[in-house]
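Engineer: Before anything else, here's the structure in question.
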Number of protein chains: 2
Amino acid sequence: MAATVMARGRAESSEEVAELVERLHGVMRASLHRLQPALAAEKITMGQFWALHLVSSLESASVSSVARHLGVSAPTVCGNLDQLDASGLVRRHRSDRDRRSVVLSLTPSGRQVEARIWGQIAGLVAEAARGIPPSDLEATVRVFRELERGLEAPPAGRGAR
Amino acid sequence: MAATVMARGRAESSEEVAELVERLHGVMRASLHRLQPALAAEKITMGQFWALHLVSSLESASVSSVARHLGVSAPTVCGNLDQLDASGLVRRHRSDRDRRSVVLSLTPSGRQVEARIWGQIAGLVAEAARGIPPSDLEATVRVFRELERGLEAPPAGRGAR
DNA sequence: TATTGTTATACTCTATAACTATA
DNA sequence: TATAGTTATAGAGTATAACAATA
């Protein structure tokens, strides 16, 4: 019955998962290498770019909200913002509603830099994805949505062993 | 004719690519966070693990061959190997055929550590992939093989803009 | 001269701990 | 007391440059 199918499915997907992990690692390092010239041209690092991207994406970005969405610590984001601030790409100002909090916004220059780098990233991946069937790309997006969801929360209460 | 279809396909996949990039980033950071306890338990870092994994995978691993396969510099690998060597997980010895070259091999302990961590990674991903249709996983592996291939070599001669 | 490995150095990313200001 | 942001510090990962030994 179903158990046989399950067992076969798991044995197969184990090798598939192993290959996926290696490819994921390979794609990440290759992307970073390919993106380096564009980042260097904008005098920005990858960490700074992700902070910039989140300030751009979030409704009302604060240090802690950016940190939360990126899954990094507040001091890390704070450091990235120091550099973005110094480069004139992001502005900080204290909130009037809660004076502990800092409201982040992009400068026009920050907006341009974010758009250019995001365009480079998308172009790079789109170029590498040339020739891949759209249905495969759609499946991949579905898989990654699910993987991210499944990896986010440590399944605390549920003993996996 | 085909141009219309192409244009539509590109506009659509542009958003798809953007989401894929964000999910990729999210999955990477989530995996690293989830893997931290296992790495800490083995007193090993992610960089050391990938070096260990390549010494394990390559036919006859040398510093330069590991560096090439990981896409990192020789000094980086050399440093990782220093630590793996000090932890008794990897052994180095000069090649007799070419005395410049160093032949790398896993110790029994290194083999065990590699297997345990690789198992953790695979288990983590397999758990997160529970419920994903096998056909979607297969498509994803195809996509990542192609993406890695497409990202590897800078398309030097071909002006992409 | 070219290649393999190593050391020296520097910079980024990351985290934890401690501190300040505010709530 | 708790929270937002920051500063201080330290460890890991990365790279380039300079060097040693060998080819």
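The values are calculated or read from the model by the stated rules, or taken from the named source; none is laboratory data. These numbers come from a predicted model, not from an experiment. Cβ placement follows ideal geometry from the backbone for every residue including glycine, while neighbour counts extend to all protein chains displayed.
Engineer: Among the residues of the range A:108-120, is there at least one that is surrounded by fewer than 16 Cβ atoms within 10 Å (Cβ to Cβ) and within 11 Å of DNA strand C (Cβ to nearest atom)?
Structural biologist: Within the range A:108-120 (the criterion being surrounded by fewer than 16 Cβ atoms within 10 Å (Cβ to Cβ) and within 11 Å of DNA strand C (Cβ to nearest atom)), the answer is no, since none of the residues qualifies.
Engineer: Further question on the same structure: Of a type in the set (D, E, K, R), out of contact with any Gly (no Cβ under 6 Å at 6 or more places or on another chain) and free of Cβ contacts under 8 Å to residues at least 12 places away in the same chain - does that describe any residue in the range A:101-119?
Structural biologist: Checked against the condition, which is being of a type in the set (D, E, K, R), out of contact with any Gly (no Cβ under 6 Å at 6 or more places or on another chain) and free of Cβ contacts under 8 Å to residues at least 12 places away in the same chain, the range A:101-119 yields no hits at all.
Engineer: Among the residues of the range A:80-91, is there at least one that is in contact with a strand residue (DSSP E or B) (Cβ under 8 Å, 6 or more places away or on another chain), surrounded by fewer than 17 Cβ atoms within 10 Å (Cβ to Cβ) and farther than 26 Å from B:Gly71 by Cα?
Structural biologist: yes
Engineer: For residues that are of a type in the set (D, E, K, R) and over 15 Å from B:Leu151 (Cβ atoms), scanning just the range A:26-65, find the one that is farthest from the other protein chains (Cβ to nearest Cβ).
Structural biologist: Step by step, filter the range A:26-65, then rank; the result is A:Lys43.
Engineer: If a residue must be away from every other protein chain (no Cβ under 14 Å) and either in a helix (DSSP H, G or I) or among the hydrophobic types (A, V, I, L, M, F, W, C) (or both), how many such residues does the range A:107-117 contain?
Structural biologist: Matching residues across the range A:107-117 total 6.
Engineer: Could I ask something else about it? Suppose the filter is at pLDDT 95 or above and facing chain A (nearest Cβ under 7 Å); does B:Asp98 pass it?
Structural biologist: So B:Asp98 does not fit the description; no.
Engineer: The conditions are (1) among the charged types (D, E, K, R); (2) under 19 Å from B:Trp50 (Cβ atoms); (3) away from DNA strand D (no atom under 16 Å from the Cβ), and B:Arg92 fails exactly one of them. Which is it?
Structural biologist: (3)
Engineer: So which residues in the range A:106-130 are within 20 Å of A:Asn80 (Cβ to Cβ) and either of a type in the set (Asp, Glu) or within 12 Å of DNA strand D (Cβ to nearest atom) (or both), if there are any at all?
Structural biologist: A:Glu114
Conditions tested, residue by residue: (1) in a helix (DSSP H, G or I); (2) acidic (Asp, Glu).
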residue	(1), (2)
B:Ser64	yes, no
B:Arg68	yes, no
B:Asp96	no, yes
B:Ser105	no, no
B:Gly119	yes, no
B:Gly123	yes, no
B:Glu127	yes, yes
B:Ile132	no, no
B:Leu151	yes, no
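Engineer: Still on this structure, I have one more. Any chance the range A:75-90 includes a residue that's small (Gly, Ala, Ser), over 17 Å from B:Met28 (Cβ atoms) and part of a loop (DSSP other than H, G, I, E, B)?
Structural biologist: yes
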